[in-house]
1. Could you tell me whether any residue of the stretch 141-152 is open to solvent by less than 10 Å² (accessible area, probe 1.4 Å), in the same structural domain as ARG244 (by TED's automatic domain parsing) and among the small types (Gly, Ala, Ser)?
2. Anything in the stretch 359-381 that is out of contact with any Pro (no Cβ under 6 Å at 6 or more places or on another chain), not basic (Lys, Arg) and not in a helix (DSSP H, G or I)? List them, or say none.
3. Quick one: MET88 ticks every box in (1) open to solvent by less than 10 Å² (accessible area, probe 1.4 Å); (2) within 16 Å of the ligand (Cβ to nearest atom) except a single one, so which number is it?
4. For the stretch 240-265, enumerate the residues that are farther than 17 Å from GLY181 by Cβ and surrounded by 21 or more Cβ atoms within 10 Å (Cβ to Cβ).
5. Could you grab me the full set of residues in the stretch 266-303 that are within 16 Å of the ligand (Cβ to nearest atom) and open to solvent by 10 Å² or more (accessible area, probe 1.4 Å)?
6. In this structure, is PRO93 within 22 Å of ILE260 (Cα to Cα) and in contact with an Asp or Glu (Cβ under 8 Å, 6 or more places away or on another chain)?
7. Across the stretch 209-232, what is the number of residues that are away from the ligand (no atom under 15 Å from the Cβ), over 27 Å from GLY118 (Cβ atoms) and either of a type outside the set (Ser, Thr, Tyr) or modelled with pLDDT under 95 (or both)?
8. Which ones in the stretch 24-46 are in a loop (DSSP other than H, G, I, E, B) and open to solvent by 50 Å² or more (accessible area, probe 1.4 Å)?
Amino acid sequence: MKPYAELTKDELEVLIKNLKKEYSEYQALGLSLDMSRGKPCKEQLDLSMGIMDALFSTSDLYCDDGTDCRNYGTLTGIPEAKVLLGDMMENNPDDIIIYGNSSLNVMYDTVSRAYTHGIMGNTPWCKLDRVRFLCPSPGYDRHFAITEYFGIGMIPVGMTPEGPDMEFIEQMVSEHEEIKGIWCVPKYSNPQGYSYSDETVRRFARLKPAAKDFRIFWDNAYGMHHLYDTRQDHLIEILAECKRAGNPDLVYKFASTSKITFPGSGIASLATSPNNMKDIMAQMRIQTIGHDKVNQLRHVRFFEDIHGMVEHMTKHADIIRPKFEMVEEILEQNLGGLGIATWTKPNGGYFIGFDTLPGCAKKVVSRAKKAGVIMTKAGATWPYGKDPWDTNIRIAPTYPSKNDLEIAAKLFTLCVKLVSAEKLYKEMD
Ligand SMILES: Cc1ncc(COP(=O)(O)O)c(C=O)c1O
């Protein structure tokens, strides 16, 4: 098939007729499929069932340092969990706080604390006329929801396969004191699966923000989530790089075991500098007497150490890699060479980033929905849910079965073809 842009009006008319016929055949199937959710599938969750057997009523629930995990105390997490999560995050256990079940919750809390009480003695953000965040886009909708909730203005920043537009970021943070933060998913980003290059990380660590309380919100949610044994992305460790650059307090780094064990029942962690840690602890002491140490111990006993976790992640990869590859194959087979879409081929993470022709994403998602396939809402990957070009769609291949995914992906490509052909036809009028 020729690129759609080279088709004549008559050819497009025939094409649209044929595609509509195919589409109505899909509609007649009465499908009810979901490609929207960035969740592990049942088989992935089954991998972690052993965690339920890691502790019994007869188990020794004491840590190596004598802490009784059944009781209050040990505010920043048990030492064994700090070692495990420290290895996972590539940080010193002393630079880590272990939290509860969700890193998103820790991010919310971090923004909330800055908003009500300020960061390290700076004016609380709620007392400032204007606070703004930089938002590499497309990005993670729940990050944007947090900043929107606090009334923090969001400025989209363009993304490239090397990471966000650093020139823009450097200029904005150095010139505007009201810019207080930036959301980053540096590895296998949500939704494109991009990983920041060494140069990008180095430039982040060397930012010269006008605001003393500017912080990088470095959400390394997919640090362990490789799809391949050999094709893996590796990041420069940001805390160490900030320290080297003489900017030790610049970053809050987040992670969790949500997509390693059970989402919602994992453990979350934050790594940061001693100064930031001290600042955070002043609040945390008021907020809680401690998080769930039994769950921390359960995770440690289940994995034993980082090698156990790495091995575990290869099993996740074995389940989801074929799904990613199948979707990529269907995209290539059905859309390759047509000049109507581009998509990413990530080495890890949970998503494929997909871009339609301008002005088509909403229509594609709506068409797919009308034929029984739910995609992530078009626009969701941009601040305020507003994709300025209406092109980006997040594909989440992990949750559906391979059979369902195959049908959903095929229908999706059909919708892309139909909406694109209709757009080009209309433009010829
Ligand atoms: C980039 C990113 N950060 C955080 C989360 C949520 O993490 P948690 O379950 O630890 O709150 C997700 C979940 O999809 C995510 O994609």
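The values are calculated or read from the model by the stated rules, or taken from the named source; none is laboratory data. Just so you know, these numbers come straight off a predicted model, no measurement behind them. So basically every Cβ, Gly included, is an ideal-geometry build from the backbone, and we count neighbours across all protein chains shown. Just the protein is used for accessible areas: all its heavy atoms, side chains included, with ligands, DNA and RNA removed. Shrake-Rupley method; radii C 1.70, N 1.55, O 1.52, S 1.80 Å.
1. No, the stretch 141-152 contains no residue that is open to solvent by less than 10 Å² (accessible area, probe 1.4 Å), in the same structural domain as ARG244 (by TED's automatic domain parsing) and among the small types (Gly, Ala, Ser).
2. GLY359, CYS360, ALA371, GLY372, VAL373, ILE374, MET375, THR376, ALA378, GLY379, ALA380
3. (1)
4. ALA255, SER256, THR257, LYS259, ILE260, THR261
5. Matches in the stretch 266-303: HIS291, ASP292, ASN295.
6. So PRO93 fails the test.
7. Residues that pass the stated criteria total 6.
8. LEU29, GLY30, SER32, ARG37, LYS39
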